[in-house]
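The block underneath contains the structure these notes are about, expressed in structure tokens.
Only the coordinates and a few stated rules stand behind these numbers; no lab work does. Predicted model, so just to flag it, every value in this text is computed and none were measured. All Cβ positions, glycine included, derive from the backbone under ideal geometry; neighbour counts span all protein chains shown.
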Amino acid sequence: MNLVITIDTEEDDWGSFRPSGQSLTNIERIPHLQEIFDKFNAKPAYLVTYPVATNDKSVSILREISDRGGCEIGTHCHPWNTPPFDSSVKENCERGSMLCNLPEELQYQKIKSLHETIEKNLGVTPVSFRAGRWGYNEKVAAHLLRLNYKVDTSITPFIDWRDNFGLDFSEMSPMAYRFSAGNIFEPSAGGRLLEVPATIGFFQKNFALSNTVLKLLQKKPFGSMHAVGIMSKLKLINLVWLSPEFSDCAQMAGLAARMQKNGHPIVNMFFHSSCLKAGTMPHVRNEDDEKKMLKNITEFLRFARDEGIESIMLRDSVRLL
């Protein structure tokens, strides 16, 4: 099994939909993070937003790592701060912040704008993509093909974003697969795009059964988070995110071990660059939270190395499938 690491490399003001004026101080923490990756020969994919790709200091930090082969640079499109802007479309609201909800041609122009900016300022042609806020659909996939992308990583298995104006991924598996742009949910051996979902799964062997039970527990009016909590404590249903923002090292290691036993060729650890600095995200409030985040990353990378799980760049996962 191989490990990919995908980082939404973005502005500080997480949760804000301002079109400009963002601060980017969290990017200054990336060199220290990269030292940890280098220690374990890990090759992250920094998926960058337009503010990051147009900021001289951020570009200098990321380009140094990229130029020496320490990372991959990919694309992470935040519609609300990626030009062009259409005065008839409201992008700086929750619904408009989902790329999949914008007019089709505007979607394409925004991805193209960010793509060309990364080429110009970072000196690479990105082939890996993640939609901001997971706002992804078939139209977005078609634009990726048009721009010669190879890998998408916009799907969150077992998660339903419809309450946030997004798509329902709750029946999706964390298994990587090739697909055609016309059907982003259906594996296709001859598909020109590869989906590497964010790794979200269960400690239990049968993911599909665990997901069915979890959805029943959550279903109103009989279900409740209390029931879900009880099942989790009893270790009967444990949904885990392979992310240091939401899981500790033991949880991430347990999920990776289960994925390996279930025959998955790739696991995808994912998080935001903004979690590197206190005050930029709700769950990273102080210096202790910062240290905890880095500790979780370091310990998981040590686990992966000791278990023979090799880190590869996201773009290199194409060769595996």
³J(HN,Hα) computed for each position of region 190-200 - Karplus, 6.51 cos²θ - 1.76 cosθ + 1.60, integer Hz, glycine/proline x: x, x, 7, 10, 10, 9, 10, x, 4, 7, 9
Sorted largest first, extent of region 67-198 alpha carbons per principal axis (Å): 40, 35, 24
Interchain or long-range residues, amide H under 5 Å from E171's placed H: F158
Unit charges on C-beta of K, R, D, E only; dipole of the chain, Debye: 760
Cα pair distances exceeding 28 angstrom across the chain, given as percent: 38
Straight-distance crosslink candidates among lysines, where the alpha carbon sits under 25 Å from K261 and sequence neighbours closer than 8 are dropped: K43, K205, K215, K233, K235
Rg ratio (alpha-carbon, reference 2.2 N^0.38 Å) - region 114-163: 1.27
Extension reserve of the E171-D288 stretch, reckoned as 0.36 nm per residue once the Cα distance is removed: 38.5 nm
Within the chain, helix-based [θ] at 222 nm, where runs of 4 or more DSSP H residues each add -39,500 (n - 2.57), nearest 500: -10500 deg cm²/dmol
GluC sites (Glu not before Pro) restricted to region 70-154 and DSSP loop, no more than 15 other C-beta within 10 Å: E94
Contact order relative to length of the chain, as percent, for alpha carbon pairs under 8 angstrom and 6 or more apart: 22
Amide H contacts under 5 Å for V284, placed H, 5+ residues apart: G279
Under DSSP loop assignment and at most 15 Cβ neighbours within 10 Å, longest trypsin sites (Lys or Arg not before Pro)-free interval of the chain: 96-191
GluC sites (Glu not before Pro) lying in DSSP loop within region 260-321, provided at most 15 other Cβ fall within 10 Å: E307
Cα→Cβ-extended label distance, 7 Å offset, between K112 and V124, nm: 2.4
Centroid-to-centroid separation of region 243-271 and region 179-196 [C-alpha atoms, Å]: 23
Residue-by-residue Karplus 3J(HN,Hα) for region 170-185, coefficients 6.51, -1.76, 1.60, Hz, glycine and proline x: 5, 9, 7, 8, x, 5, 5, 7, 7, 8, 9, 4, x, 8, 6, 9
Projected-area average for region 1-80 over all orientations - Cα convex hull basis, square nanometres: 5.6
